[in-house]
Amino acid sequence: MGWISKKAVRNTTYIALNWILQNALGFLFWIVFAKILAPNELGWVSAVLNFGIFLSTFALLGLPPACTKLIPELRGKGMEEEIKALNAFVFRVVAFLVLVISFAILLFAEPVSHLAGLDRLQLLLSVLVFASISFLYLSGSVAYALEKLNEFLMGNVIYSALKLVLPLCALLLGLSYKWLIPCICAAAILAVMCRLKAIKFGKGRVDRERVKLFALSSFIGGMAGALYNQGGVLITNALSSAFATGVFTLAFMLSMPLRSVPAVLGSAISPLESEAWSKGEKQKVKEMISRTLKYSYMICIPLLVIFLVFSKEILLIAGSYRYLAGTNAMRLIVLGVTLSGLGSVLSGSLYYVGKPLLARNLSILLGALVFLLGAPLTALYGINGISLAYFIAGIIFALISAQMARKEIGISFEKRYLLLCLVSSLALLPVICALRIWQPNIFGIACSGAGFAAGYGYLLLRSGFFDSRDLALLRLLARKLPRGARKNLKRIENFLKRYAE
């Protein structure tokens, strides 16, 4: 398989490990505090965090994605001094914008508070979140683009772990839930300090026009992305109540892995897409995207079925009976985020093959749909309304992204893999529903999930889902693992050979 390289496997390994650790700790964060806090308290914290993260979009100005695009190009040309100069430039710009925006928000605190539905304390804490998260995102993107993957991973682990540990310590000391925000900001600052040791700065020429081209496109797309990721919480907080915000937050956060899986797989190949396309290796790019979609189908579709069937039980286990008002909302959300996640693989590929304006427009479409549909639907139907907006936006975004990728990149979608995953999942639906009725609790979910996974895997094997290209990828992955793990992967490879086409 020409598209597979050691670099691809290395990037995917780190990204996957980062995703597993970050999402596991992130899940734990929301589950722990949903157990401890009432929905209105969780909604208070969520509103502050999401408003601060939304503000960070304006300070970052699209520079993180621009760095992941431009730094690999400069490295490929051996322009190390230009990379150092670019690092210094983007950090200076973000620092300046953080100061200016923070001052403006504090100066116009009253109208901003009214517009966002936040009190004065929430607004002040949002500024702290805004500043710390801006540098957390920037340092992570630069470290990843520089292939400082140890620092990239360690920074995210430090942030995710301390984001859980420090607030828990504050609550154990008898402090109010409002102290969760300063603790989270401290975790972000420590993670940034960890990464800065691996990022070198210098003086030199920066191609500001090229930075501007990719940064501004990413900035507009990033604003639209922020509307998607934070818009639901902000709209619910402004048009409903803190209770509804807390319920929606838990349902939305629990659903996000269904969007994260394809996004992680897509981000792992993004620098390689840029490099291959610049060399005219278009077929290699098509193969990367095809494989990414195939593995996304394989993981997301069975997860989608489990979330749809066990929405009530998942909310009950993650939170408490007070969060069950979000059951129907979660079902709509998981459908919407899965579709938007698959669409993000395609829209992201358009960006990295030199179509930043088209990728930007697709991101604008997604964010605008959530905002324009979300506000009136939330006013009418509460959290079910904002969830319906995510569902409709996901459908439209996925369809249009597929059409644009087919037109601009020439992707030929292998619908066979999608159908195999869908049919295999639906074939097992009666079994999992029967187990749900028999034991509707955490033990029932565990038994149903294990049986579902085994049956799903067997059906994929028998249907010829795996082929020689998957075996080649498995062999390359084995080279990155310890000897003991290699032996296990070799056994898996030998087993798959019996069924691979």
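The values are calculated or read from the model by the stated rules, or taken from the named source; none is laboratory data. Note that the structure is a prediction, hence the values are computed from the model and not measured. Glycine gets a Cβ as well: all are built from the backbone with ideal geometry, and neighbour counts include every protein chain shown. Quick note on the areas: whole protein, heavy atoms, side chains included, nothing else; ligands and nucleic acids left out. Shrake-Rupley method; radii C 1.70, N 1.55, O 1.52, S 1.80 Å.
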Query raised in the report: Could we say that TYR137 is assigned to a helix (DSSP H, G or I), closer than 22 Å to GLY231 by Cβ, within 17 Å of the chain's Cα centre (by Cα) and modelled with pLDDT of 90 or more here?
Result: yes
Report task. Only residues that are part of a helix (DSSP H, G or I) and among the small types (Gly, Ala, Ser): list them for segment 184-200, please. Result -> ALA186, ALA187, ALA188, ALA191
Query raised in the report: So which of ALA325, ALA276 ends up being farther than 22 Å from VAL32 by Cβ, hydrophobic (A, V, I, L, M, F, W, C), assigned to a helix (DSSP H, G or I) and over 22 Å from the mean Cα position of the chain (by Cα)?
Result: ALA276
Query raised in the report: open to solvent by less than 20 Å² (accessible area, probe 1.4 Å) and under 18 Å from LYS197 (Cβ atoms): does that describe ALA116?
Result: no
Requested in this report: Give the residues of segment 405-414 that are out of contact with any helix residue (DSSP H, G or I) (no Cβ under 6 Å at 6 or more places or on another chain) and either at pLDDT 95 or above or not charged (D, E, K, R) (or both), sorted by residue number.
Outcome: ILE409, GLY410, SER412, PHE413
**Report entry** Residues of segment 201-221 that turn out to be part of a helix (DSSP H, G or I) and open to solvent by 70 Å² or more (accessible area, probe 1.4 Å), as a count
**Finding:** 6
Report summary line: Of (1) in contact with a Gly (Cβ under 8 Å, 6 or more places away or on another chain); (2) loosely packed, with under 14 Cβ neighbours inside 10 Å; (3) aliphatic (A, V, I, L, M); (4) at pLDDT 85 or above, LEU419 fails just (1)
Report summary line: Filtering segment 422-472 for residues that are open to solvent by less than 40 Å² (accessible area, probe 1.4 Å), assigned to a helix (DSSP H, G or I), at pLDDT below 80 and over 28 Å from LEU316 (Cβ atoms) leaves a count of 3
Query raised in the report: Among the candidates SER290, SER296, SER240, which residue alone is in contact (Cβ under 8 Å) with a residue 24 or more places away in the chain and open to solvent by 40 Å² or more (accessible area, probe 1.4 Å)?
Result: SER240
Query raised in the report: Restricting attention to segment 42-82, which residues are open to solvent by less than 50 Å² (accessible area, probe 1.4 Å), more than 25 Å from ALA359 (Cα to Cα) and either free of Cβ contacts under 8 Å to residues at least 40 places away in the same chain or more than 18 Å from the chain's Cα centre (by Cα) (or both)?
Result: LEU42, GLY43, TRP44, VAL45, ALA47, VAL48
Requested in this report: Pick out, from segment 13-120, the helices (runs of 4 or more DSSP H) lying fully within it that include 1 or more residues that are at pLDDT below 90 and of a type in the set (A, V, I, L, M, F, W, C).
Outcome: 63-76, 80-107, 109-116
Query raised in the report: Which residues, counting only those in segment 1-12, are among the small types (Gly, Ala, Ser) and either open to solvent by less than 20 Å² (accessible area, probe 1.4 Å) or at pLDDT 75 or above (or both)?
Result: ALA8
Report task. Determine if segment 249-259 includes at least one residue that is surrounded by fewer than 20 Cβ atoms within 10 Å (Cβ to Cβ) and either more than 24 Å from the chain's Cα centre (by Cα) or without any contact (Cβ under 8 Å) to a residue 60 or more places away in the chain (or both). Result -> no
